[in-house]
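For reference, the structure I am asking about is given below.
The values are calculated or read from the model by the stated rules, or taken from the named source; none is laboratory data. Every value quoted in this text rests on a predicted model; they were computed, and no experiment measured them. So basically every Cβ, Gly included, is an ideal-geometry build from the backbone, and we count neighbours across all protein chains shown.
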Amino acid sequence: MNEMEKLLNVLAEVRDDVDFASETALVEDGVIDSIDLTQIIAALDEAFDIHIQTGDIEPENFNSAGAMLELIHSYRKGKQ
Amino acid sequence: MRNVLDWLEAAAARAPQHTAYDQPQVRMSWSELWQRAREIGSFLAGRVPQQCPVLILMEKSPACIAAMMGSVYANCFYTPLDSSMPESRMKMIASVLQPAFVLCDERFETAAKQLVTEEAVCVTERIPASVHTQVLEERRSRHIDDDLLYVLFTSGSTGVPKGVSITHRSVIDFIEWACTSLGLPEGCRFASQAPFYFDNSVLDIYSTMRMAGSLYLTRQADFLFPKKLMQTLEREKIDTLFWVPSALTALANSGLLDTGCLKALRRVFFCGEVMPCRTLNLWKKALPEADYVNMYGPTEITDVCAWYRVERDFADSDSLPIGHPCANTRILLLDGEICVGGTCLSPGYYNAPEKTEAAFVQNPLRPQIREIIYKTGDMGEWNERGELMFLGRRDSQIKRNGYRIELGEIECAMNAVAGVEMGCCYYEAARERIVAAYTGTADEKSLKASLKMALPKYMVPDEYHRREVLPRTGSGKIDRLQVRREVEDEYPVV
């Protein structure tokens, strides 16, 4: 399973009615709300063993699965 | 003063061009709101009798406020509904409320037509721009201040939401008290956090109307992103906040509050859940000159019945008082339970006389005369300074992000799912998680999916545990405390 598949599985656990693979304005269009976002951040922290900092909680980083994967990679490169 | 519309008309006369309610790309002035509300009122008056429920299924927007005020012009009362709640819960609410009419946005038209007959639904945008002055005057002349203004639905422990009804008189009394006691200036500018179906919005909407100020309808997405939220508050020159503590805590924890930020902000008010002193101290450090007021009150007493202006320092670990009763409000502690009476009191739960009788009771200390008090279910005590302190709940009601949730309503929904024999849930406050435990054959995933179809999102449990048995108390009820102990023994919280 590659990283994107893993991410999509994690996201599907939070909201199985959202097509995370193709949505590109999850936040801007209000597809996900504050409860979803809190759950997504907690799920990403756990699944990818990272700690997303408040400063990175920006709409741009959560508008699409691709953006979230980039954020995860930035932590993997030793950001923390 | 008998009608909240007197404020709207005064604001439209005094500050016609001044922004009333706005959001990005949408702005409605006081005169525009006045005009549109009368158009909607004229339309409704031609279709429904007086003092009928009007259900409002609209996005939080200036147009939604116009629909609310339009209902009032028809001398009806309004119920704003959370448009994201599942259809089954909407239907449950509609069966209690029996709305005479539904005003909706275009995107909710199909959902609205599931609730009432098609003729009783109208997309608000399509209401023509015509005012029938004579009809409106006739309706106005019949109005008394005891007429209902709104009914807001709140979680019910038996699974059916309760509609708290509130009269014009209660809102008039509350808002006049608030504007004076909180020192709101003419033209004040609020940033709204509360959804319109949550009673904290009553202070937002009507105190700005009373002071001919303006209410900025903050985008919900802004609350997810502290930087965006700070930019919004700066850009809009917001001078007053009335938010749930969890929203203020999120901003405080972002580390973005600093001396020199939010220069226009003068007043920070909070209500809806316990305010942690740690959060208060972070705000005070960044904005030492602002006024901080803690408020307390269930929906049944018109938003707020007690208040405490922060005048001394508190340690992070202290509890903040909820203070003193508002004007025309009586607060009693009966066996430690906070009971409230006065002008703020709701006449009861709409179309639910038994629920009303259980919670709205005769004051036992005044047997000589009929005096009704509301038993809040909150426990309290007076401290040595004579200030009221909140101690917690006596039942299984919880607060999550300010939302009032009866665990019993979640359990009812669980028990209705095929494959669940018995459901139980508890709230883990430290991690802000609702944990569900159940017996039966249903798997965790399908249970969650079913609950999403039955409950508003903020009520859906975060964690699921299938158990062989659920422990019971001596009286045969599920023992929530013991369930929690067993789950936590097995899955220790790190």
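When you scan the range B:81-96, do you find a residue that is at pLDDT 95 or above, not in a helix (DSSP H, G or I) and not β-branched (V, I, T), even just one?
Yes, the conditions are met somewhere in the range B:81-96.
Need at least 1 residues that are over 20 Å from the mean Cα position of the chain (by Cα) per element, so show me which strands (runs of 3 or more DSSP E) inside the range B:397-446 make the cut, counting only ones lying wholly within it.
So the answer is B:420-428, B:433-440.
State which residue is nearest to B:K228 (Cα to Cα) when the search covers only the range A:1-39 and only residues that are polar (S, T, N, Q) and surrounded by 14 or more Cβ atoms within 10 Å (Cβ to Cβ).
Filtering the range A:1-39 for residues that are polar (S, T, N, Q) and surrounded by 14 or more Cβ atoms within 10 Å (Cβ to Cβ), the one nearest to B:K228 (Cα to Cα) comes out as A:S34.
Which residues, counting only those in the range A:1-21, are among the polar types (S, T, N, Q) and either touching a Gly at 6+ places or on another chain (Cβ under 7 Å) or more than 14 Å from every other protein chain (Cβ to nearest Cβ) (or both)?
Result: A:N2, single match.
Another question, then. Please state which one of A:D19, A:D49 is more than 12 Å from the chain's Cα centre (by Cα) and over 20 Å from B:A449 (Cβ atoms).
Sole residue among the options that is more than 12 Å from the chain's Cα centre (by Cα) and over 20 Å from B:A449 (Cβ atoms): A:D49.
Across the range B:462-477, which residue is farthest from B:T441 (Cα to Cα) among those that are in a loop (DSSP other than H, G, I, E, B) and of a type in the set (S, T, Y)?
The residue in question is B:S475.
Mind checking which pairs have a first residue in the range B:58-85 that is within 14 Å of another protein chain (Cβ to nearest Cβ) and a second that is modelled with pLDDT of 95 or more, Cβ under 6 Å, 6 or more apart or different chains?
Short answer, once both residue conditions are applied: B:E59/B:D105; B:K60/B:F196; B:K60/B:L217; B:D82/B:Y197; B:S83/B:L57; B:S83/B:F108.
Has the range B:222-239 got at least one residue that is farther than 25 Å from A:I57 by Cβ, at pLDDT 95 or above, part of a loop (DSSP other than H, G, I, E, B) and among the acidic types (D, E)?
Yes; the residues of the range B:222-239 include at least one that is farther than 25 Å from A:I57 by Cβ, at pLDDT 95 or above, part of a loop (DSSP other than H, G, I, E, B) and among the acidic types (D, E).
So how many residues does the range B:407-448 have that are out of contact with any Asp or Glu (no Cβ under 7 Å at 6 or more places or on another chain) and surrounded by fewer than 19 Cβ atoms within 10 Å (Cβ to Cβ)?
18
Among the residues of the range A:40-65, which ones are part of a helix (DSSP H, G or I), free of Cβ contacts under 8 Å to residues at least 12 places away in the same chain and surrounded by 13 or more Cβ atoms within 10 Å (Cβ to Cβ)?
A:A42, A:D45, A:T54, A:E60, A:N61
Select, from B:A37, B:A10, the only residue that is in contact (Cβ under 8 Å) with a residue 40 or more places away in the chain and either within 22 Å of B:I172 (Cβ to Cβ) or polar (S, T, N, Q) (or both).
After ruling out the rest, the residue left standing is B:A10.
In the range B:305-338, what count of residues is obtained for those that are within 22 Å of B:S157 (Cα to Cα) and crowded, with 24+ Cβ neighbours inside 10 Å?
Count: 1.
One line per residue, one yes/no per condition, for (1) within 14 Å of chain A (Cβ to nearest Cβ); (2) not charged (D, E, K, R):
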residue: B:P367; (1), (2): no, yes
residue: B:E387; (1), (2): no, no
residue: B:L407; (1), (2): no, yes
residue: B:L455; (1), (2): yes, yes
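Would you point out which residue out of A:T54, A:T38, A:T24 is of a type in the set (S, T, Y), more than 25 Å from B:M459 (Cβ to Cβ) and at the interface with chain B (Cβ under 10 Å from one of its Cβ atoms)?
Step by step, each of A:T54, A:T38, A:T24 is checked, and only A:T54 is of a type in the set (S, T, Y), more than 25 Å from B:M459 (Cβ to Cβ) and at the interface with chain B (Cβ under 10 Å from one of its Cβ atoms).
Can we say B:M295 is outside any strand (DSSP E or B), surrounded by 18 or more Cβ atoms within 10 Å (Cβ to Cβ) and either within 14 Å of chain A (Cβ to nearest Cβ) or under 17 Å from the mean Cα position of the chain (by Cα) (or both)?
No, not satisfied.
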